[in-house]
Structure formats: C-alpha cells, structure tokens
Amino acid sequence: MDEERPLFILAGNGPYTNRGCEAIVRGTTKILREHFKDPRFLCVTHIQSEEQFRRQCLEEVDPAITHLRSHRMNKKQALRNLWKPETWLYAYRSRFDPAALKYQVYREMLPHLEDAAAVLSVGGDNYSLDYGVPKLFTGLDDIVLEKKKPLAIWGASVGPFSTMPDYERYMGRHLRGVPGIFARESVTIDYLKSIGVTENVYPVADPAFLMDPVKPEGIEDVLPIDEEAIGLNLSPLMAKYVSGGDIDAWTTLAASIIEGVAKKTGMPVYLIPHVTNPGSNDHEFMQRALSLIKDRNGNITLVSPGYNAAETKWIISQMALFAGARTHSTIAALSSGVPTLSFAYSIKAQGINRDIFGHTNYCMEPTDLDAEGVADQVTSMLDKSAAIRNDLAGRLPGVQRAALSAGTGLKHLIGVN
C-alpha cells in the first residue's frame, strides 16, 4: 500500500448512466479524501457496451479516477457477441464452472489488487434479490478475500433473502466473513442482525448525501425554473412492483399520476430522469407516459437526460417538492433539503426515511400508487412544506456526519491511524 497516495478499488458499480451509481462514486471520493492523503481511485464498473464505457471515460471529471470494466455478460450481450470465444467460455463457466467465472468477470481488476489499500464493493443495493441472485458480487468478495485484501461492502442496503431460505443461510455465512459491511440504513442493520451478522457492521449513511450539486452551465436558456415546481421521477423498473411486470399498464398509470399531480397542484411539473441505461431508461419511459396525456397546457416538462449526477442534483434542489422512484433521485432531493415523497419498492427507501424522519409517512408502497393517492400525498406535503424543510435542515448535518464516518471505519478496517 502506498501511504502517500493509497489506491482504492471501487468495484461492482453500474455505469454513470445510472446517476445514482455516479453519485455513490462522487460521495465516496469525498469521504476518502477527507480521511486519506491524496487517494487514487480505480472504478471497476459493470458496463453494457463498449460505447457506454468509452463515454464514461471521456466524461469523467475527476482526474484521480481511472476506469476499468468488468466482463459481466447478459443475454443480449452474449447474442451480439456469439462469434467471440470469450462468450462461449463465459456460457460454459456460468453453467459448469462458476468458481472460475468470477475471475473472467473481474480479470481487469486482478493486476491492481496487490497495490490496493482496500476494495470497496459499491452499488447500493447489489446484495439483494432486487436484480436476481447476487452471485457476481459474492464472487467479487471471494476474490478479494482470497487475496487477503481489506474488503468493505460500502454504503449498502442488504437483503432480504427470506424468500430463499437456503440462500439466506448461505448469505449469512458469507456476510459474516466480510471484514466490513457499511450499512446505509437501519432496516438493513435490523435484517443483518436477524440472520446473525452483527460484529462487522458499521452504521453509516449513503455516500451520495455528500455529493455537491453543480449548476449546469447555461441552464437558464434551456430549462428556466423560475417558479415553484414539482419534480417527478418515475421508472420502468416500477412495473415489476406496481403491475406485475406489465409495462403498458404501468405506463398508463404513470401518465395518470403525472396528470393528476399537475392538475391538483396547478404547479409546473418537471419529469427528471435518473437512470438512462439501455433496457431501463427513465427518460424513454416518462416520454411514453407523457405522450398519453392529452391536455398538458405546457405545464409538464421532460428534462433532458444529458445532465450528470451533480447537475441533476442541482435541478432537483430547485423543486418545491420532489417525488421519486429511483432511490438516489430521492437522496438528491433529501440531501438538498427538499420535501421528498419516496415511491418505496424495497427496504432501502423505507430505511432511509425512517433514519431521517423517524417514520415512513413520506413513503408510498407500489400497491398504493394511483393518480388520486399520489396527488393527495403531494398536496398534503406541500401544505407542510415549511415544517418538512425545517426538519430536514435540523437532521441533515447528522446524516452527513454519518456518511463521513465511513472513512473512520475504513481506516480501522485497514489498520491505519
């Protein structure tokens, strides 16, 4: 380890087209710079295409960050690259040799492990069943532990795995073997305790609470926010929880929610995308929903997907109220002191709200989402806006201290003063 310029590997994250993944990186670098001297960062990211990786490297604003890609492969990527021997090797190992697969996926990271001060498994909610069984992330852990390098599951929500009892038992054993689990909310801490994981858990807050907003250059000319407005973020991912995966039904419902909020409040509505990945694109989804609204009166604006995480946070910070599906869109709002309604489809939103407010009154379950219900909740929160802002102003310094405390915990993990 180079104590003058220690190297931290941030692995397992998604691409910056998920602004939450970018926000995690920005907050994490801020934490580590606070606790270590002039650190370097290596981001090993699950990227969906060469073009996406090229753009991420070109658009990086932090000179201390170097990007590498993992070689995770989904079905679409496999079909596009059937002619490559690597694809057939990946398919074989997926089926018959999973122990070797992890080395293929993370092969670009391997030469850098010796120099690393620690590996941080980042991404927020990778260790859950929200996106399938997280074998690629437990595989990452196994590689790092085999190399005897400090490992932290960083700023994470974990579980639950209770729908798969055998897997839950496996995850209990696996997680007890991880040196540090930096849990970003109390629901995760409670769940980990329930499966016997306690000794290695560090209570923190999501690193994205520390990301600084950046006003986009020339935004007044293209997106003049000159009066109080409502920000909305709706995602195609919500179809899984709202309509059993029926994307058309969810699109129709989303259109009625947008229209209902605009009509009931009489305020401008800004539709703010936070994830624009191929196959899970908020901008495309909200554009389809918007096309179903016949009477818009120029009162609803779809925000361009071209703003980075810090710029998107600045736009969100200008809202009178924000309601969002993507967790990190709501963290951008909460950390800016904006009254925030969370469309809570997993433990993370409930835990973050409980830790900040002491309740989950500003969360709505997927089964409760309809045009009238959302509009009523929005107007109710607008009526209490001053009180909510005062409450947030009092609580946010503590949340930010909790996020920063992860650096102290990591120093303890690494064994440096």
Neighbours by Cβ (under 8 Å, 6+ apart or cross-chain): first from the stretch 297-321, basic (Lys, Arg); second in a helix (DSSP H, G or I): Lys313/Ala23; Lys313/Ala332
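Return a yes/no flag: does the stretch 393-406 have any residue that is open to solvent by less than 50 Å² (accessible area, probe 1.4 Å) and either among the polar types (S, T, N, Q) or part of a strand (DSSP E or B) (or both). Show your work before the answer.
Filtering the stretch 393-406 down to residues open to solvent by less than 50 Å² (accessible area, probe 1.4 Å) leaves 396, 398-399, 402-403, 405-406.
Now restrict to residues that are either among the polar types (S, T, N, Q) or part of a strand (DSSP E or B) (or both): 405.
Among the residues of the stretch 393-406, at least one is open to solvent by less than 50 Å² (accessible area, probe 1.4 Å) and either among the polar types (S, T, N, Q) or part of a strand (DSSP E or B) (or both), which makes the answer yes.
Condition first: under 17 Å from Val119 (Cα atoms) and modelled with pLDDT under 95. Now tell me which residues in the stretch 6-20 satisfy that.
Gly12, Asn13, Gly14, listed by residue number.
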Filter the stretch 325-381 down to residues that are assigned to a strand (DSSP E or B) and of a type outside the set (Phe, Trp, Tyr) and give me whichever is nearest to Gly124 (Cα to Cα). Ser342
Inter-residue pairs, beta-carbon under 7 Å, first without any contact (Cβ under 8 Å) to a residue 12 or more places away in the chain and in the stretch 160-187, second surrounded by fewer than 22 Cβ atoms within 10 Å (Cβ to Cβ), 6+ apart: Ser162/Glu168
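Considering Arg5, Arg54, which residue is out of contact with any Ser or Thr (no Cβ under 7 Å at 6 or more places or on another chain), under 24 Å from Lys147 (Cα atoms), charged (D, E, K, R) and surrounded by fewer than 23 Cβ atoms within 10 Å (Cβ to Cβ)? Steps first, please.
Details: Arg54 fails: under 24 Å from Lys147 (Cα atoms).
Answer to the selection: Arg5.
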(1) open to solvent by less than 40 Å² (accessible area, probe 1.4 Å); (2) touching a residue at least 60 places away in the same chain (Cβ under 8 Å); (3) within 19 Å of the chain's Cα centre (by Cα): which one isn't true of Gln350, the others all being true? (1)
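Among the residues of the stretch 232-279 satisfying the criterion of being aromatic (Phe, Trp, Tyr) and open to solvent by less than 30 Å² (accessible area, probe 1.4 Å), which is nearest to Ala320 (Cα to Cα)?
Tyr270
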Hey, Gly180 hits all of (1) open to solvent by less than 30 Å² (accessible area, probe 1.4 Å); (2) of a type outside the set (A, V, I, L, M); (3) out of contact with any Asp or Glu (no Cβ under 8 Å at 6 or more places or on another chain); (4) over 18 Å from Gly139 (Cα atoms) but one; which does it fall short on? (4)
Every residue in the stretch 331-347 that is open to solvent by less than 10 Å² (accessible area, probe 1.4 Å) and β-branched (Val, Ile, Thr), please. Ile331, Val338, Thr340
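Looking only at helices (runs of 4 or more DSSP H) that lie completely in the stretch 121-240, which have at least 3 residues being within 16 Å of Ala349 (Cα to Cα)?
Numbers: elements: 135-146, 165-176, 186-194, 219-222.
Answer list for the stretch 121-240: 186-194.
The values are calculated or read from the model by the stated rules, or taken from the named source; none is laboratory data. Being a predicted model, the structure only gives us computed values, none of them experimental. Every residue, glycine as well, gets a Cβ built from its backbone with ideal geometry; the counts of neighbours run over all protein chains shown. Ligands, DNA and RNA are stripped out before the accessible areas are found, and what is left, the full protein with its side chains, is counted by its heavy atoms. Shrake-Rupley method; radii C 1.70, N 1.55, O 1.52, S 1.80 Å.
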